[in-house]
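> Right, I'll just put the structure down here and ask away after.
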Amino acid sequence: MGACAAGRLWWGTVSCTLFLAVNCLYSASDDVIELTPTNFNKEVIQSESLWLVEFYAPWCGHCQRLTPEWKKAATALKGVVKVGAVDADKHQSLGGQYGVRGFPTIKIFGANKNKAEDYQGGRTSDAIVDAALSALRSLVKDRLSGRSGGYSSGKQSRESGGGDKKDVIELTDDSFDKNVINSDDVWMVEFYAPWCGHCKNLEPEWAAAATEVKEQTKGKVKLAAVDATVNQMLAGRYGIRGFPTIKIFQKGEDPVDYDGGRTRSDIIARALDLFSDNAPPPELLEIINEDVLKSTCDAHQLCIISVLPHILDTGASGRNSYLDVMLKMAEKYKKKMWGWLWTEAGAQSDLESSLGIGGFGYPAMAAVNARKMKFALLKGSFSEQGINEFLRELSVGRGSTAPVGGGAFPKIHSVEPWDGKDGELPVEDDIDLSDVDLDDWDKDEL
């Protein structure tokens with residue numbers, strides 16, 4: 001195996017220790033097959049075999065303890081069930097594709113390779129082998145009863161009815177212009193021929209990518225397919241000479257060829273780039289009630305919350321300078337599709353306490369994962385450079401975290417939104433001292 005990169009997936013469900021001396025866990029002499037984005041589709045997705053795949057990080061203590069058991073299971077299952085391993089710290093796109101959030105994660109790729117099952121059993125070689133044989137038994141019974149499990153080989157044609165293509169939009173000569181040319185959305189369109197072997201290999205990748213892209217872009221980037229042997233008008237209009245040909249359509253622009261990789265991770269990455277290029281900057285919202293906090297943090301992987309100094313401490317110009325820094329960072333990291341929030345110091349004191357901010361040190365910033373109820377605090381300066389370093393660490397899965405106090409967001413108070421003006425000191429009542437006779441005061445009390 002190649003050199004392993006150190007890293008930390010800090011939003012994971014399993015806590016692992018970071019070891020400074022990082023070594024690869026498997027070698028070519030093992031019966032564990034090394035899997036990468038380059039060979040995963042060919043080895044696993046297009047395979048008729050049952051696969052057990054471990055997604056690991058070399059620095060993870062749990063992974064290191066699993067390694068000898070995984071090797072023993074691979075040797076015992078050799079020739080019966082394929083056993084593989086993915087360095088998901090090095091190949092983060094592959095781990096992300098299968099929703100890996102902690103290490104080690106083990107998945108079983110059975111008849112339907114597009115619907116891998118999570119392995120929840122023990123971490124001994126005996127438990128792993130038992131689970132593999134149980135899954136193999138189910139696979140054989142399904143074949144015996146005629147249930148193929150959809151895209152089990154990743155090679156079925158579109159006419160076979162195999163697989164889940166519900167999010168791939170089939171287009172025709174009649175429907176193309178209405179759906180694509182007149183749309184404000186971005187379209188990635190595959191022109192295919194049913195007899196084309198490369199098209200058949202692409203089909204499960206395209207289908208899986210379509211579902212993921214639909215979810216992550218909320219339908220703003222669409223994946224479609226055109227049978228160019230039937231819809232020859234479209235094929236002629238766009239100069240289709242080979243299959244598959246993928247073109248990208250954006251409103252007001254000439255279509256361009258997609259020349260990236262043909263795996264789902266490649267397709268998803270390009271689609272997300274297209275989405276972020278066309279997406280407006282994220283909104284920066286003031287936390288004026290519970291709905292703002294909940295809706296923003298629930299809808300995004302991370303929500304970035306800033307607590308700014310009281311308006312009397314900075315004035316409008318000072319506050320706007322902090323908000324400008326946040327807006328620049330929101331634009332810079334908009335591909336991450338994070339949520340961005342702010343509140344005034346003291347306005348949401350319970351929230352501050354739950355995030356370890358605690359009533360001092362303003363301005364402050366916390367990145368919160370609402371699904372895990374964990375957060376990380378900005379340790380550097382509240383500046384473009386300081387925040388950029390903080391967010392860059394988060395984006396590669398590094399950084400120390402802590403649980404949100406109480407395990408949930410505290411009560412959020414409803415407050416009036418900032419009016420954009422300088423603050424004003426509260427008006428004090430005038431005190432009339434004209435009737436006070438100071439001579440009557442007991443001098444011992446003075």
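> Looking at (1) modelled with pLDDT of 90 or more; (2) crowded, with 17+ Cβ neighbours inside 10 Å, can you tell me which one GLY315 breaks?
(2)
> Out of the stretch 193-215, which residues are open to solvent by 20 Å² or more (accessible area, probe 1.4 Å) and either at pLDDT 90 or above or closer than 17 Å to GLY260 by Cβ (or both)? Steps first, please.
Let us first name the residues in the stretch 193-215 that are open to solvent by 20 Å² or more (accessible area, probe 1.4 Å), namely 194-195, 197-198, 200-201, 208, 211-212, 214-215.
Across the stretch 193-215, the qualifying residues are HIS198, LYS200, ASN201, ALA208, THR211, GLU212, LYS214.
> From PHE103, PHE109, grab the single residue that is of a type in the set (Phe, Trp, Tyr), touching a His at 6+ places or on another chain (Cβ under 9 Å), in contact (Cβ under 8 Å) with a residue 60 or more places away in the chain and open to solvent by less than 40 Å² (accessible area, probe 1.4 Å).
Details: PHE109 fails: touching a His at 6+ places or on another chain (Cβ under 9 Å).
Step by step, each of PHE103, PHE109 is checked, and only PHE103 is of a type in the set (Phe, Trp, Tyr), touching a His at 6+ places or on another chain (Cβ under 9 Å), in contact (Cβ under 8 Å) with a residue 60 or more places away in the chain and open to solvent by less than 40 Å² (accessible area, probe 1.4 Å).
> ARG65 passes all but one of (1) open to solvent by 10 Å² or more (accessible area, probe 1.4 Å); (2) modelled with pLDDT under 90; which number fails?
For ARG65, the failing item is (2).
> Might you let me know whether the stretch 408-431 holds any residue that is open to solvent by 60 Å² or more (accessible area, probe 1.4 Å), at pLDDT 90 or above and within 19 Å of LEU302 (Cβ to Cβ)?
no
> Consider MET188 against the criteria (1) modelled with pLDDT under 90; (2) outside any loop (DSSP other than H, G, I, E, B): it satisfies all of them except one. Which criterion is unmet?
The failed condition is (1).
> Does the stretch 86-101 include one or more residues that are more than 21 Å from the chain's Cα centre (by Cα) and outside the structural domain of LEU202 (by the TED database)?
Pass one, the stretch 86-101, residues more than 21 Å from the chain's Cα centre (by Cα): none.
Among the residues of the stretch 86-101, not one is more than 21 Å from the chain's Cα centre (by Cα) and outside the structural domain of LEU202 (by the TED database), which makes the answer no.
> Find the residue count for the stretch 71-100, including only residues that are assigned to a loop (DSSP other than H, G, I, E, B) and either free of Cβ contacts under 8 Å to residues at least 12 places away in the same chain or open to solvent by 40 Å² or more (accessible area, probe 1.4 Å) (or both). Explain how you work it out, then say what you get.
Step one: filter the stretch 71-100 for residues assigned to a loop (DSSP other than H, G, I, E, B), giving 78-81, 88-91, 98-100.
Subsequent filtering for residues that are either free of Cβ contacts under 8 Å to residues at least 12 places away in the same chain or open to solvent by 40 Å² or more (accessible area, probe 1.4 Å) (or both) retains 78-80, 90, 99.
Total satisfying the criteria: 5.
> Go through the stretch 217-262 and report how many residues are among the acidic types (Asp, Glu), farther than 15 Å from TYR192 by Cα and surrounded by 12 or more Cβ atoms within 10 Å (Cβ to Cβ).
Within the stretch 217-262, residues that are among the acidic types (Asp, Glu), farther than 15 Å from TYR192 by Cα and surrounded by 12 or more Cβ atoms within 10 Å (Cβ to Cβ) number 0.
> Condition test on GLU384, is it more than 30 Å from LYS218 (Cβ to Cβ) and not small (Gly, Ala, Ser)? Reasoning before the result, please.
Working: more than 30 Å from LYS218 (Cβ to Cβ): no; not small (Gly, Ala, Ser): yes.
No; evaluated as a whole, the condition is false for this residue.
> Of these, LEU323, LEU274, which one is assigned to a helix (DSSP H, G or I) and not assigned by the TED database to the domain that holds LEU378?
Details: LEU323 fails: not assigned by the TED database to the domain that holds LEU378.
When all the criteria are applied, what remains is LEU274.
> Of the residues LEU391, LEU341, only one is open to solvent by less than 20 Å² (accessible area, probe 1.4 Å), in contact with a Cys (Cβ under 7 Å, 6 or more places away or on another chain) and not β-branched (Val, Ile, Thr); which?
On the way: LEU391 fails: in contact with a Cys (Cβ under 7 Å, 6 or more places away or on another chain).
It is LEU341.
> Could you please find all residues in the stretch 187-238 being aromatic (Phe, Trp, Tyr) and closer than 15 Å to SER175 by Cα?
Residues of the stretch 187-238 aromatic (Phe, Trp, Tyr): 187, 191-192, 195, 206, 238.
Result: TRP187, PHE191.
Residue-by-condition table, conditions (1) surrounded by 20 or more Cβ atoms within 10 Å (Cβ to Cβ); (2) under 18 Å from ASP419 (Cβ atoms); (3) modelled with pLDDT of 95 or more:
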residue: ILE287; (1), (2), (3): yes, yes, yes
residue: SER321; (1), (2), (3): no, yes, yes
residue: LYS332; (1), (2), (3): no, no, no
residue: MET337; (1), (2), (3): no, no, no
residue: GLY359; (1), (2), (3): no, no, no
residue: TYR362; (1), (2), (3): no, no, no
residue: LYS372; (1), (2), (3): no, no, no
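> Going through the stretch 256-282 one residue at a time, which ones are touching a residue at least 24 places away in the same chain (Cβ under 8 Å) and in contact with a strand residue (DSSP E or B) (Cβ under 7 Å, 6 or more places away or on another chain)?
TYR258, ALA271, LEU274, PHE275, ASN278, PRO282, listed by residue number.
> Identify, from the list LYS141, LYS155, the residue that is open to solvent by 50 Å² or more (accessible area, probe 1.4 Å) and either within 30 Å of the chain's Cα centre (by Cα) or at pLDDT 90 or above (or both). Before you say what the answer is, go through the steps one by one.
Working: LYS141 fails: either within 30 Å of the chain's Cα centre (by Cα) or at pLDDT 90 or above (or both).
None of the others qualify; the one that does is LYS155.
> Ok, one more. Kindly establish whether VAL180 is outside any strand (DSSP E or B) and β-branched (Val, Ile, Thr).
Values: outside any strand (DSSP E or B): yes; β-branched (Val, Ile, Thr): yes.
Criteria met by VAL180.
The values are calculated or read from the model by the stated rules, or taken from the named source; none is laboratory data. No experiment lies behind these values; they were computed from the predicted model shown. No Cβ is skipped: glycine too gets one built from the backbone with ideal geometry, and neighbour counts run over all protein chains shown. All accessible areas refer to the heavy atoms of the entire protein, side chains included, with ligands and DNA or RNA removed. Shrake-Rupley method; radii C 1.70, N 1.55, O 1.52, S 1.80 Å.
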